[in-house]
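Peer 1: Submitted below is the structure of interest, expressed as structure tokens.
The values are calculated or read from the model by the stated rules, or taken from the named source; none is laboratory data. Since this is a predicted model, take the numbers as computed values, not measurements. Note that we place each Cβ from the backbone using ideal geometry, even for glycine, and neighbour counts take in every protein chain shown. Note: accessible area is taken over every heavy atom of the protein model, side chains too, but ligands, DNA and RNA are not part of it. Shrake-Rupley method; radii C 1.70, N 1.55, O 1.52, S 1.80 Å.
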Amino acid sequence: MAIIAADSSLKIKYFNQVAEKMFGYTAEHVIGRSASEIHSLNNISADRLDKALEIVREKGEHAFSSKMTRDGVCRFYDGRVTGILDKENQLVGYVLSFNDVTQHKQAEQAARASEKTLSTLMESMPVSVWWFDDDGNVEYINRCFVEQFGYTLDDIPTLKDWFERAYPDPEYYNAYVAKRNAEVAKARKSGKSVPPREAKITCKDGTVRHVIINNYIEDRRTLAILTDITEQKIIHDQVLKMQKLESLGVLAGGIAHDFNNILTSILGNITLAQMLMDKAH
């Protein structure tokens, strides 16, 4: 921690080694000089310092954050100014302390940038994405989710609300939720992933969509990705129907062929009988 002590006129009386490293001055260079002068050399507003000292005179101390640029490098600091009182409770000086929080600030900025990137990615994904915590509170729903199912975060603030709306049929609801909870519990215990599941989702407008649900559990949060396969399901059902019709046609053709063989034998024998019998028969 950088520590600077100054008298009531802001002349520096003490400047520790951390302060030397932080501000780029030696103690010999700054002791006896005005603190406001040193701060102004490091791009800290003198007006801001005067305001901080005014607060100190009223309340005894003042905490603040500052940004300094030295040698083209910007650094962030948390500072505190504390008043020094004599035996008669008169203000006779100040102690200024600074902590370098540049790494913390940079981590915060990186986290915000990462969060923004993640949000942009989630909003642009062509599949429904949402996540919720272990207490069942829904924390995020992407744009595709709202467009596909019609539900907003206000409609389904909890996982229970989602289950009740997405699976309105009690029998389907109970069967789905029981199996889903069992698979999640098993995955947590084994440390393996939750197997994907197919489900029929009832949308806000009453339509039903077929989806594949993939759940990814991380700490106390579950990320769910819902891939809409409604169109593929319709195509698949149509192909199955065509295959059944084709199989029925093959079966009918086989039966007709076998029946034709029997009829050929019968007609042959009738023709033979006609040849052997009297024409007047």
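Peer 1: Would you please name the residue that is most open to solvent (accessible area, probe 1.4 Å), looking only at residues in region 229-252 that are β-branched (V, I, T) and modelled with pLDDT under 70?
Peer 2: I235
Peer 1: Out of curiosity, is I156 among the β-branched types (V, I, T), in contact with a helix residue (DSSP H, G or I) (Cβ under 6 Å, 6 or more places away or on another chain) and at pLDDT 90 or above?
Peer 2: So I156 fits the description; yes.
Peer 1: Residues K200, K204, K179: which one is touching a Gly at 6+ places or on another chain (Cβ under 6 Å) and at pLDDT 90 or above? Spell out the reasoning first.
Peer 2: On the way: K200 fails: touching a Gly at 6+ places or on another chain (Cβ under 6 Å); K179 fails: touching a Gly at 6+ places or on another chain (Cβ under 6 Å).
Matching residue, one of K200, K204, K179: K204.
Peer 1: When you scan region 1-38, how many residues do you find that are closer than 24 Å to K51 by Cβ, open to solvent by 80 Å² or more (accessible area, probe 1.4 Å) and among the basic types (K, R)? Give the derivation first.
Peer 2: Let us first name the residues in region 1-38 that are closer than 24 Å to K51 by Cβ, namely 1-15, 19, 22-23, 25, 30, 33-38.
Now narrow it down to the ones that are open to solvent by 80 Å² or more (accessible area, probe 1.4 Å): 1, 11, 13-14.
Keeping just the survivors that are among the basic types (K, R) gives 11, 13.
The total comes to 2.
Peer 1: Residue check: is S190 surrounded by fewer than 13 Cβ atoms within 10 Å (Cβ to Cβ), under 38 Å from the mean Cα position of the chain (by Cα) and farther than 23 Å from Q148 by Cβ?
Peer 2: Yes, satisfied.
Peer 1: May I ask you to list the residues in region 134-165 that are more than 23 Å from T230 (Cα to Cα), surrounded by fewer than 14 Cβ atoms within 10 Å (Cβ to Cβ) and within 13 Å of the chain's Cα centre (by Cα)?
Peer 2: Scanning region 134-165 gives a single hit, E139.
Peer 1: Next up: Restricting attention to region 97-114, does a residue exist that is in contact with a strand residue (DSSP E or B) (Cβ under 9 Å, 6 or more places away or on another chain), surrounded by fewer than 17 Cβ atoms within 10 Å (Cβ to Cβ) and of a type in the set (D, E)?
Peer 2: No, because not a single residue in region 97-114 is in contact with a strand residue (DSSP E or B) (Cβ under 9 Å, 6 or more places away or on another chain), surrounded by fewer than 17 Cβ atoms within 10 Å (Cβ to Cβ) and of a type in the set (D, E).
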